[in-house]
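Chemist: Pasting a structure below so you can have a look.
Every read-out reported here was derived from the displayed coordinates using simple, explicitly stated rules and does not represent laboratory data. Since we're looking at a predicted model, the values are computed, not measured. Positions of Cβ are backbone-derived with ideal geometry, glycine not excepted, and every protein chain shown enters the neighbour counts.
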Amino acid sequence: MFLGREKELESLETVYKKEGFGMTVIYGRRRVGKSTLIREFVKEKRVIFYTATKVGPDRNLALFTKEVLEVLDPAISVASFPTFESILDLITDRIHDDDSKTVLVIDELPYWAEKDEALLSVLQKYIDTRWLHKNLMLILCGSVLSFMEKKVLSEKSPVFGRRDSQIKLEAFNYREAALFVPGYSFENKAICYGVTGGVAKYLSLFDAGKSLDDNIIRLFFSTDGYLYDETKNLLTQEFTDVTLVNNVIEQVASGENTLSNIASKVHESEASVVYSLEKLIDVGLVEKRKCITEEKNKKKTQYVLKDHMFAFWYKFIPKAVSVIEMGQGRTYYEKVVKPQLHSYMGSIFEDMCRYYTLGKGITGAFGSFITETGTWWGVEQLTDDEGKKYRQTADIDVVGISSVDGTAVCGECKFKNEKAGKEIYETLIRRSRLLSGNYTVTKYLLFSLAGFTSWFDTADTPNLRLITVRDLYDA
């Protein structure tokens, strides 16, 4: 069943319905559902759909030709064409104005174009000359984010300015991911999102008729589970030096989030580690996070795993390999993993709450027009019971700021079985005073899985909002 992506389908239909030539660029990390989206869109349409592979320009041309001929002229399907231009000439000649629009899809474009530098220039020539008034829609799609952004979308690209639309397809957000498991509790919907990261392929593997535990065990903790070897498979497809990349991810997953610490742990130069981190950012697995009120402060930069499935895998699978291969993956999950799920979900729940805060804040629900959300960290100075001052690290899970009126909201998130109480609220108030810049805090937000203590029933907290996991989904 195809779920979600209504906005993207509408965008594609708009380009499809325009007169003459139209072009859309679609890009995003692997497994996010780009090809599935395109296949849903081209249902009942005349389509030439080619997926490039890492086989070199000549072989890609031959395979592309085969796909073209099967659609446009099956009678000569064994014919070969010496150049890319010659097969594009055939496509051009076979498209007539009185025909329904033809959709030409080149999926995984970077695998072909990286080895054939003229390919995009050739496409540009046909777009500008022979296809300008043709009843044709071109879709260029790719998973290598850096290539798509620098070689296809940038001003230096031969096809720059030719597209009618572009779609950067992201993983599903936590609310969209819940559509795949409609019968789950709100807690389990959140955990399902936390182990899949909202990636379409992984969500599609969840059997909504089975329990959360059974799905996780089947997919991760069985030797034949799709996600048991998924990280290795993805890294092998994207990187030549898998060992270094794997070591870098291991350190980021374990909480090492500064360049110097990561380099020290993997015993490599910072230059080598930066290169690996940038590649990981390019493919959507890692992100560089900055303190929201100090984005120009290079010292306040952290590398974190953007992909939640990778975070889950690296936290639990490496230590469980021997047990899983002995056929005891279920036992390991029940005894080791399940008791730690709430702890694992901590940072992911924070991401969910930031998303919620931005969505509500844009509408002015918190008394200001929130334009950005993020996190803040720094140092706070405290005084102990004996009057001695000391310093400790401090962070605020959710900070939403308004660049319009200089206001902010601050929030704390707890994905735990115990109710959030007075102490958590007072800590949030104290740390909110540390925000640098000219921000006036208009609201304080407490997010809790288990709800809140009775202290809040009578407390005078007019600027506080108490938000449950149910609220995140009911909003």
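Chemist: Can you classify the range 316-432 as rounded, prolate or oblate using the Cα gyration tensor, where a ≥ b ≥ c are the square roots of its eigenvalues, rounded means a/c under 1.5, and otherwise it's prolate if a/b beats b/c and oblate if not?
Modeler: On the way: a/c = 2.84, a/b = 1.55, b/c = 1.83.
It is oblate, given that a/c is not under 1.5 and a/b is not larger than b/c.
Chemist: For the range 83-241, what log10 I(q)/I(0) values come out of the Debye formula at q = 0.18 1/Å, with one point per alpha carbon and no solvent?
Modeler: Values returned for q = 0.18 Å⁻¹ are -1.05.
Chemist: With n ≥ 4 as the cut-off for DSSP H runs, can you work out [θ] at 222 nm for the chain, using -39500 (n - 2.57) per run divided by the number of residues, rounded to the nearest 500?
Modeler: One gets -11500 deg cm²/dmol as the mean residue ellipticity at 222 nm.
Chemist: Follow-up. List the trypsin sites (Lys or Arg not before Pro) within the range 221-323 that fall in a DSSP loop (any state other than H, G, I, E or B) and whose Cβ has at most 11 other Cβ atoms within 10 Å.
Modeler: Loop-located and lightly packed - Lys296, Lys298, Lys299.
Chemist: Another question, then. Mean 1/r over all different Cα pairs, inverted: what Kirkwood radius does the range 229-316 give, in Å?
Modeler: 13.2
Chemist: Ok, one more. Report, in whole Å, the centroid distance computed from the Cα atoms of the range 226-297 and the range 86-153.
Modeler: 33
Chemist: Could you tell me, in Å, what Rg and Dmax come out for the Cα atoms of the range 172-227?
Modeler: 10.2, 30
Chemist: Calculate, in nm to one decimal, what Glu70 and Lys125 gain on full extension: separation in residues at 0.36 nm each, minus their alpha carbon distance.
Modeler: Length gained, Glu70 through Lys125: 17.3 nm.
Chemist: Loop sites only, by DSSP: take the chymotrypsin sites (Phe, Trp or Tyr not before Pro) in the chain that have at most 16 other C-beta atoms within 10 Å and name the longest stretch containing none of them.
Modeler: Between exposed loop sites, the widest span is 3-159.
Chemist: Next question. Describe numerically, in nm with one decimal, the distance between label points set 7 Å from Cα along Cα→Cβ at Gln340 and at Leu63.
Modeler: 3.9
Chemist: Tell me, in nm to one decimal, what length is gained between Glu372 and Glu250 on full extension, where the rule is 0.36 nm per residue of separation less the Cα-Cα distance? Don't jump to the answer; show the numbers that get you there.
Modeler: Values: separation 122, 0.36 × 122 = 43.92 nm, distance 2.96 nm.
This chain segment gains 41.0 nm when fully extended.
Chemist: Another question about this same structure. Could you grab the Rg to Rh ratio for the range 1-75? Cα atoms only, Kirkwood for Rh.
Modeler: Rg/Rh for the range 1-75 comes to 0.99.
Chemist: Work from the charge dipole of the range 141-262 (Cβ charges, +1 for Lys and Arg, -1 for Asp and Glu, about the Cα centre) and give the residue of Ser146, Gly198, Ile249 farthest towards its positive end.
Modeler: Of the listed residues, the answer is Ser146.
Chemist: Mind checking the full-extension length gain between Ser403 and Leu132? Use 0.36 nm per residue of separation minus the Cα-Cα distance, one decimal, nm. Walk me through the intermediate numbers first.
Modeler: Numbers: separation 271, 0.36 × 271 = 97.56 nm, distance 4.22 nm.
Length difference between fully extended and current span is 93.3 nm.
Chemist: Give me the Debye-computed log₁₀ of I(q)/I(0) at q = 0.06, 0.12 Å⁻¹ for the chain, equal point scatterers on Cα only, no solvent, two decimals.
Modeler: -0.34, -1.18
Chemist: Averaging over all projection directions, find the projected area of the Cα convex hull of the range 250-299 and quote it in nm² with one decimal place. Before the final figure, lay out the partial values.
Modeler: Values: hull surface 14.9 nm².
About 3.7 nm², averaged over all directions.
Chemist: Further question: Contact order normalised by length for the chain, with contacts defined as Cα pairs under 8 Å and 6 or more residues apart; what percent is it?
Modeler: In percent, rounded to a whole number, it is 11.
Chemist: I would also like to ask the following. What is the dipole size for the chain, taken about its Cα centre, with +1 at each Lys and Arg Cβ and -1 at each Asp and Glu Cβ, in debye to the nearest 20?
Modeler: My answer is approximately 580 debye.
Chemist: Using a Förster distance of 56 Å, how high is the FRET efficiency between Ser100 and Ser146, based on the Cβ-Cβ distance and rounded to 0.05?
Modeler: With R0 = 56 Å, the Cβ-Cβ based efficiency is 0.95.
Chemist: In degrees from 0 to 90, rounded to the nearest 10, what is the angle of the helix 84-94 Cα long axis to the longest principal axis of the chain?
Modeler: Value to nearest ten degrees: 80.
Chemist: Is the range 6-168 best put as rounded, prolate or oblate by its Cα gyration tensor, with a ≥ b ≥ c the root eigenvalues, rounded for a/c under 1.5, and otherwise prolate when a/b is larger than b/c, oblate when not? Present the calculation step by step, with values, prior to reporting the outcome.
Modeler: Details: a/c = 1.33, a/b = 1.09, b/c = 1.22.
Rounded.
Chemist: Quick check for you: which residues of the range 319-334 have the amide N under 12 Å from the point 7 Å beyond the Cα of Lys232 toward its beta carbon?
Modeler: Counting backbone N atoms under 12 Å from the label point, the list is 321-322, 325.
Chemist: I would also like to ask the following. Rounding to the nearest 20 debye, state how big the charge dipole of the range 349-474 is about its Cα centre with +1 on each Lys and Arg Cβ and -1 on each Asp and Glu Cβ.
Modeler: 100
Chemist: Using the crude model of +1 on Lys and Arg Cβ and -1 on Asp and Glu Cβ, and no other charge, please compute the dipole size for the range 319-401 relative to its Cα centre, in debye to 20.
Modeler: It comes to approximately 260 debye.
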